[in-house]
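Structure first, then comments.
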Amino acid sequence: MKILAFGIAREIIGSAMIEIQLAENATVTDLKFLLMNQYPRLNQLNSLLIAVNMEYAQPHQILQDCDEIALIPPVSGG
Amino acid sequence: MIDIQLLHTPLQTESCIAHVEDAEAGGIAVFIGTVRRKTQQKTVVRLEFEGYEPMAIAEMRKIAAKTVEKYGVIRFSMHHRVGILYPSEVAVVIAVSTAHRAASFEACRYAIDTLKETVPIWKKEVFEDGSVWVAAHP
């Protein structure tokens, strides 16, 4: 499953896009748990949201292989 | 009626204002967000903005729809810039027209406050001696 990363999340991961293997029926929370283990500096952020198909996702939402998934660290536009 | 743009080039404030002009309107309010030279006593050399562009546009559209509904906005324009910006450059322009002035001020404020909370755009402040992603850490 492809994951897009932006801002400080991109810097922590070291790439704008990574490939992750997730179990079937894995949720947004499962993905965050896996990423925070793999990249501990993500834990230090004020927040880390997941967008699925360009919408903010709920923690229990199930991820599909065909989804566009993105890591959204604290936003700071304007 | 709604004009949303995410641009890699300098913003044209006049074009946002022109978009919201309307004979039904009694007022136009404009918010222009600019790059401040000092932040917490440190001198900013430049800001580096990046966006998750298709989602940023989608979230800006949601704000536009909500602002129109909530404040009876007649016409709405919101342009945000990404890329490298230097002090005094314009990062965001919001223009709204409404029948009466009070609603135009409130609508403009609601739109910029919501943009700062929900639109996936990030800025990195670059100082002479380092850099920081704004709002990333406690």
Original post:
Taking region B:6-45 as the search range and keeping residues that are among the basic types (Lys, Arg) and farther than 21 Å from B:Leu115 by Cα, which one is nearest to the chain's Cα centre (by Cα)?
Top reply: B:Arg37
Subject >> Wholly enclosed strands (runs of 3 or more DSSP E) of region A:11-78 bearing at least 3 residues within 14 Å of chain B (Cβ to nearest Cβ) >> reply: A:49-52, A:69-72
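Which residue out of B:Ser88, B:Ser77 is closer than 28 Å to A:Phe6 by Cβ, of a type outside the set (A, V, I, L, M) and in a loop (DSSP other than H, G, I, E, B)?
Working: B:Ser77 fails: in a loop (DSSP other than H, G, I, E, B).
Testing whether each residue is closer than 28 Å to A:Phe6 by Cβ, of a type outside the set (A, V, I, L, M) and in a loop (DSSP other than H, G, I, E, B) leaves just B:Ser88.
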Original post:
Would it be correct to say that B:Gly51 is away from every other protein chain (no Cβ under 14 Å) and not hydrophobic (A, V, I, L, M, F, W, C)?
Top reply: no
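Pick out the one residue from B:Val92, B:Val73 that is touching a helix residue (DSSP H, G or I) at 6+ places or on another chain (Cβ under 9 Å), in contact (Cβ under 8 Å) with a residue 24 or more places away in the chain, farther than 21 Å from B:Pro120 by Cβ and buried (at least 21 other Cβ atoms within 10 Å of the Cβ).
Numbers: B:Val92 fails: farther than 21 Å from B:Pro120 by Cβ.
Of B:Val92, B:Val73, the one residue that is touching a helix residue (DSSP H, G or I) at 6+ places or on another chain (Cβ under 9 Å), in contact (Cβ under 8 Å) with a residue 24 or more places away in the chain, farther than 21 Å from B:Pro120 by Cβ and buried (at least 21 other Cβ atoms within 10 Å of the Cβ) is B:Val73.
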**OP:** Please find, among B:Arg109, B:Arg81, the residue that is more than 29 Å from A:Ile12 (Cα to Cα), among the charged types (D, E, K, R) and within 14 Å of another protein chain (Cβ to nearest Cβ).
**Re:** B:Arg109
**OP:** Please work out which residue is nearest to A:Val75 (Cα to Cα), limiting yourself to region B:36-47 and to residues that are within 14 Å of another protein chain (Cβ to nearest Cβ) and open to solvent by less than 50 Å² (accessible area, probe 1.4 Å).
**Re:** B:Leu47
Original post:
B:Asp22 fails exactly one of the following numbered conditions: (1) assigned to a strand (DSSP E or B); (2) farther than 27 Å from A:Ile8 by Cβ. What is the number of that condition?
Top reply: (1)
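Conditions tested, residue by residue: (1) closer than 30 Å to A:Val52 by Cβ; (2) of a type in the set (A, V, I, L, M, F, W, C).
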residue: B:Thr9; (1), (2): no, no
residue: B:Cys16; (1), (2): no, yes
residue: B:Arg36; (1), (2): no, no
residue: B:Gly51; (1), (2): yes, no
residue: B:Ala64; (1), (2): yes, yes
residue: B:Thr67; (1), (2): yes, no
residue: B:Val96; (1), (2): no, yes
residue: B:His100; (1), (2): no, no
residue: B:Arg109; (1), (2): no, no
Subject >> Selection count, region B:112-138, where residues are part of a loop (DSSP other than H, G, I, E, B) and either open to solvent by less than 70 Å² (accessible area, probe 1.4 Å) or within 9 Å of chain A (Cβ to nearest Cβ) (or both) >> reply: 7
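The values are calculated or read from the model by the stated rules, or taken from the named source; none is laboratory data. Predicted model, so just to flag it, every value in this text is computed and none were measured. Here the Cβ is made from the backbone with ideal geometry for all residues, glycine too, and neighbour counts use every protein chain on show. Just the protein is used for accessible areas: all its heavy atoms, side chains included, with ligands, DNA and RNA removed. Shrake-Rupley method; radii C 1.70, N 1.55, O 1.52, S 1.80 Å.
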